[in-house]
Amino acid sequence: MATTKNKQVLSTLEAFKETGLITKKDVVKNQEELHELCTDVIMYADEFYVQMLSDASFYYNNKQKENLPKEVTFSSKVLDEVEAIVFSDYLINLINNLVSSKTQS
């Protein structure tokens, strides 16, 4: 696992999944962005999170991450499916951050 500017770089989906921690939804900075059925969240590396809904599904929306090229909303009863989408956004976010740090140097 590499690091860049004191950040962990998680290169596999499995490594990313291992960072997941179920916690209360109160830890999310922008509470207004939470789904109305959200009960808890699973927090991952770089403050990515999946919402756990009262209907037993998992919900992800990436609008809290400003440097992603397009907004993605995804919901499924299968956590692995949602985590795959979140991980792809994590990688895009990581690349965008590396590119912007190189252009600012």
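Quick one: net charge of A56's neighbours, Cβ under 13 Å, K/R +1, D/E -1?
Working: positive: K77; negative: D40, D55.
Residues close to A56 contribute a combined charge of -1.
With contacts defined as alpha carbon pairs under 8 Å and 6 or more residues apart, what's the relative contact order of the chain in percent? Write out the running numbers ahead of the final one.
Working: 136 pairs, mean separation 19.3, N = 105.
Once normalised by length, the contact order is 18 percent.
If the only charges are +1 at each Lys and Arg Cβ and -1 at each Asp and Glu Cβ, what is the size of the charge dipole of the chain around the Cα centre, to the nearest 20 debye? Don't skip to the end; give the middle numbers.
On the way: 11 positive and 16 negative charges, 91 e Å.
About 440 debye.
For K25, K77, write out the residues from largest to smallest accessible area, computed with a 1.4 angstrom probe and no ligands counted.
Working: K25 70, K77 130 Å².
Ranked list, largest accessible area first: K77, K25.
Sort S100, S57 by accessible area with a 1.4 Å probe, largest first.
Details: S100 45, S57 10 Å².
Ranked list, largest accessible area first: S100, S57.
Rounded, prolate or oblate, given the Cα gyration tensor of the range 12-105, with a/c below 1.5 counting as rounded? Mind dumping the intermediate values first?
Working: a/c = 1.99, a/b = 1.65, b/c = 1.21.
Prolate, because a/c is 1.5 or more and a/b exceeds b/c.
Tell me the angle of helix 79-104 to the major Cα principal axis of the chain, expressed in degrees between 0 and 90 and rounded to the nearest ten.
The angle comes out near 30 degrees.
Taking only DSSP H segments of four or more residues, each worth -39500 (n - 2.57), what value at 222 nm results for the chain once the sum is divided by all its residues, to the nearest 500 deg cm²/dmol? Working shown, then result.
Working: 2 runs with 31 residues, N = 105.
After summing the helix terms and dividing by the residues of the chain, the value is -9500 deg cm²/dmol.
The values are calculated or read from the model by the stated rules, or taken from the named source; none is laboratory data. Quantities reported herein were computed from a predicted structural model and do not represent experimental measurements. Note: ideal-geometry Cβ built from the backbone for every residue, glycine included; neighbour counts use all protein chains shown. Note: accessible area is taken over every heavy atom of the protein model, side chains too, but ligands, DNA and RNA are not part of it. Shrake-Rupley method; radii C 1.70, N 1.55, O 1.52, S 1.80 Å.
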